[in-house]
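S.K.: One structure, pasted below without further comment.
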Amino acid sequence: MHYKFALVGNPNCGKTTMFNEITGSTQYVGNWPGVTIEKKEGKAKKFKEDIKIIDLPGIYSLSPYSMEEIIARDYILDEKPDVLINIIDATNIERNLYLTTQVIELGIPVVVALNMMDAVEAKGDQIDIRALEKAFGVPIIGTSANKGKGINELLHKALEVAESSALTHGTSACKFYDEQIEKCIGEIENTIVPSLTVKAQNPRWTALKLLEGDEKAKEKLNVSAKVLDQIKVYQEKLEKVYDNDMETIIADNRYRFISKSISKAVKKKSAGGELTVSDKIDKVVTHRILAIPLFLAVMLGIFQITFGAIGSFTIDWVDVLINETIAGTVSGWLEVSGAAPWLHDLVVNGIIGGMGSMLVFVPQIMILFFFLAILEDSGYMSRAAFVMDRLLRKLGLSGKSFIPMLMGFGCSVPAIMSARTLENEKDRRLTIILTLFMSCGAKLPVYALFVSAFFAKDQAWVVFSIYVLGIIVAVFSGVILKKTVLKGETAPFVMELPPYRIPTFKGLSIHMLDRGKDFVKKAGTIIFAAAVVIWFAQSFSFSLQMVEDPGNSIMGTFGKIIAPFFAPLGFGDWKSSVALLTGFVAKEVVVATLGILHGLGEVGEDTASLAATLQTSFTPLKAYAFMAFTLLYMPCVAAFGTIKREMNSWKWTLFTVGYQTGVAWIVAFIIYQGGRLLGFN
C-alpha cells in the first residue's frame, strides 16, 4: 500500500528532528512547485508499507498571510495527504494547539505528536494525553523526537488511522466555537455553500472560511458579490454581539477552547514566575553588554577548531590521497595505455588538479558545518539573531534582515529565497543585497588556501576577521542604502526564542552530511565542467593550437586585458584576474582555476606546492586584499539567477551585482593601498 503523511507544526516544535528520525537518509530536498521555498520529502524507514513523508514549512496558523502558510494550506487541500501528523511542542502546548484546531477543521485525518515529552517530564509537569484526546477528538501520541522515543508508535497510529474506514476525509466532529457562531456556520454550510459555483470539498470548513472573511478561500471558490452580501449579514450580526471583528472573534473562541481543555489536562509543577533553564542561560547570552562579545568569541572558537590543528590535519591527509595516490595511479594507467599527451594533461592537470585543489578543503568545510549545526539545533542561533537585531535596528536596518544574513553563511541561494518572508518590497531588496556580503561556504576553500600559504600561525583569526568584515560592510551598506535608494520605514521584527536543547549527534550528522553532499555534488558537476573548460582555455590559443606558455593561451590573452582592473588592488597578474572571473560560475572554481593555471596536478604536487607557488606572486597584504575581494564581489551564477527571480527586475539585479562588485573593489583597494602606506607590504 502507498501512503502519504504530511508533517505540520510550529517553527521550533522539533519537526525537522522528527522528519530526520522517520526518514533517515531517504530524504529528498527540492522546491515547492512555483515557489522557491525548500521542500523536503522522504520515505519512512523500517516499514513494509510505502510511506512518503512530506515536511511542510513551519507555520503558526493556516491563515494565508505568509508564503509558508499558503504552501502548507494549498498542499493539504489540493494534495489531500492520507494523514496529517501535527507536531506539538509539549513545553509550549497552548500556543501550539492553536494550529491544531485549524488542522482538525480541514477535515483530513489527524494524528497529534505531543513532542518533547522528555522536557516536560524533566520539569516535573504532567500532561493527561487521554483527556486531550477526548477534548480534541483525535489520536495523540507522546514523543521525544531527539531521543527517537514514540516515533514507531506514532507512525503505527497514523497507519491505523489511514487504513480505518471510519476516519475518511470529511467534517470533524470537534466544535471549537460558541453556540451563536456554530449556528451561523451551520446555516452558511446548509444554505449558502451548496449554491457556490465551485463545489466545496469540505462544506463546514468552507462555511467557516467564508464567515472568517478569508480572502484566499473566497478567491479560490470564485465567490460572487451576492454570496458576499449574504455572508456579510452573518458577520455584522456576530460582530455586534461580540463587539469585535470577525477574525478576532474566531481566534478568541479557539483560544478559549484550548485554555479550557489544557486546564483539565495539564498540571505544571513550577510556579508561573519561576525562571526556566533557558531563561537563566539567556540572562548571559542575551545580556546587553556581554551578548555580542560572547557571540564573536563563539564564532572565533569554531574557526580555531576548523582551521587549527584538526582542520590542517584533514587537509594534509586528503591532499596526499588526491594529488599523490589518485593522481599517481591515474597517471600510471594513462602512460601504460599510451594515452596522448594532451589527454594525460587534461585528466591529471585539468580535472584531478582542478577539482583536487578544491576537494582537499571538504573536511574543513564539513567541520565548520557541524559546529554551525550545533548552534542552530541548540537554539543559540536564534539568540544571535535577536542580539544582532538590537544593534542593526539602531542603525536603521530591518531586524528581519538578519535571518537571511545568518543563512548566507551557509549558501546565498536559500538565503536570498528566505527574503520572501519580508512584507515590505524595499526591505526585501535591501535584505538580498546585504545577504550577499555574508561569506557563504563556497568561499571557504579560497580562504583556506591563502591562510595556509600566508597566515599559517593565525589562520583562525584571519578567517574570523574576513567573516566580521562581511558583517561590517553589510551594516554600513545597509545604512547607506536605507538613506538613499531604499528609503522607507523599518518593519517590525517579532521572533520566537525556542528553549535550549541538546542537539543529537544523528541530527547534527544529517545537517553536516547534507551540506557536504551539496558541496561535493557541485564539485562533480559545475566544477568538473569548469575545470575542463579552464584547462582548454589555458592550453590552447585562439587559433586552437596547443601552447606551452599559458600566457599566450585564450585565457592568458583575456586575463591580460582585465588584469589592469585588479592592479590597484595588489593582484594584477593575469592568473589571479582570470581566477576571480571564473568565480562567477561558482566561488570554489577560484581555487580550481589557480590550481590549473599554476600547474597543480602534476603527480606529487600537492596543495602545499600551490601555496608555495602563490608566495612568489602574493604577499600577505595582497593575499588579504584578494580574500576580501572574493568575500564581497559579484555572486555566483546560481545566486545571480535567484536574485533576478526574487527581485523580478533586471534593473535591480544589475544594480545589486554592480554595487556589490564596486564595494568589493573599494574595500580591497583600501586594504591594499592603506596597508602599503602603513608599511605592511
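S.K.: Pulled fully out, how much extra length does the chain show between Arg95 and Arg645, if you take 0.36 nm times their separation in residues and subtract their Cα-Cα distance?
M.R.: Stretched out fully, the Arg95 to Arg645 stretch lengthens by 194.5 nm.
S.K.: Run down the lysines and flag those whose C-alpha is under 28 Å from the C-alpha of Lys220, throwing out any fewer than 8 positions away in its chain.
M.R.: Result set, ordered by chain and number: Lys4, Lys39, Lys40, Lys52, Lys80, Lys175, Lys183, Lys199, Lys209, Lys232, Lys237.
S.K.: Let me ask another. Leaving out ligands and nucleic acids, and using a 1.4 Å probe, what accessible area per residue does segment 68-198 come to in Å²?
M.R.: Heavy-atom SASA per residue in segment 68-198 reads 40 Å².
S.K.: Now for a different question. With the cut-off at 1.5 for a/c, could you classify segment 2-168 from its C-alpha gyration tensor as rounded, prolate or oblate?
M.R.: Verdict is rounded for segment 2-168.
S.K.: What is segment 2-168's relative contact order, in percent, from Cα pairs under 8 angstrom and six or more apart in sequence?
M.R.: 23 percent
S.K.: Below 12 angstrom from the Cβ of Ala131, what's the summed charge of the other residues (Lys, Arg +1; Asp, Glu -1)?
M.R.: +3
S.K.: Let me ask another. How much length is gained if the chain between Lys457 and Ala131 is pulled fully straight, taking 0.36 nm per residue apart and subtracting their Cα-Cα distance, in nm to one decimal?
M.R.: 111.1 nm
S.K.: Oh, and also: What number comes out for the charge environment of Thr656, summing +1 per Lys or Arg and -1 per Asp or Glu over other residues with Cβ under 13 Å away?
M.R.: Cβ neighbours under 13 Å give a net charge of +4.
S.K.: Lys260 versus Val479, label points 7 Å from Cα toward the beta carbon: distance in nm?
M.R.: Reported label-point gap for Lys260 and Val479 is 5.6 nm.
S.K.: Share of segment 2-168's accessible area from carbon and sulfur, percent, 1.4 Å?
M.R.: 49 percent
S.K.: For Val532 and Glu247 in the same chain, what is the full-extension length gain: residue separation times 0.36 nm, less their Cα-Cα distance, in nm?
M.R.: 96.6 nm
S.K.: Compute the FRET efficiency between Glu49 and Glu215 as 1/(1 + (r/R0)^6), taking r as their Cβ-Cβ distance and R0 = 41 Å, and round to the nearest 0.05.
M.R.: Efficiency, from the Cβ-Cβ distance: 0.60.
S.K.: So who's got an amide H within less than 5 Å of the one on Gly142, skipping anything under 5 residues away but keeping other chains? H placed 1.01 Å off N, in plane.
M.R.: It is Leu114, by chain and number.
S.K.: Taking loop as defined by DSSP and a crowding limit of 14 other beta carbons within 10 Å, which trypsin sites (Lys or Arg not before Pro) in segment 224-291 fit?
M.R.: Of the trypsin sites (Lys or Arg not before Pro), the ones in loops of segment 224-291 whose Cβ has at most 14 other Cβ atoms within 10 Å are Lys268, Lys269, Arg288.
S.K.: Run the simple label-point estimate for Trp317 and Asn152 please: 7 Å along Cα→C-beta, distance reported in nm.
M.R.: 3.5 nm
S.K.: For segment 221-234, just list the computed ³J(HN,Hα) in residue order, Karplus coefficients 6.51, -1.76 and 1.60, θ = phi - 60°, integers in Hz, with x standing in for Gly and Pro.
M.R.: Karplus values, whole Hz, x for Gly and Pro: 8, 6, 6, 7, 4, 5, 5, 4, 5, 5, 5, 4, 4, 5.
S.K.: With every protein chain left in place, what is the accessible area of Asp55 in Å² (1.4 Å probe, nearest 10)?
M.R.: The accessible area of Asp55 comes to roughly 20 Å².
S.K.: Which value, in Å to one decimal place, does the Kirkwood hydrodynamic radius take for segment 179-267 when every pair of different Cα atoms is included?
M.R.: Computed over Cα pairs of segment 179-267, the Kirkwood hydrodynamic radius comes out at 13.9 Å.
The values are calculated or read from the model by the stated rules, or taken from the named source; none is laboratory data. What you are looking at is a predicted structure, and each value in this text was computed from that prediction instead of being measured. Here Cβ is always computed from backbone atoms with ideal geometry, including for glycine, and neighbour counts include all displayed protein chains. Heavy atoms of the whole protein, side chains included, go into the accessibility calculation; ligands, DNA and RNA do not. Shrake-Rupley method; radii C 1.70, N 1.55, O 1.52, S 1.80 Å.
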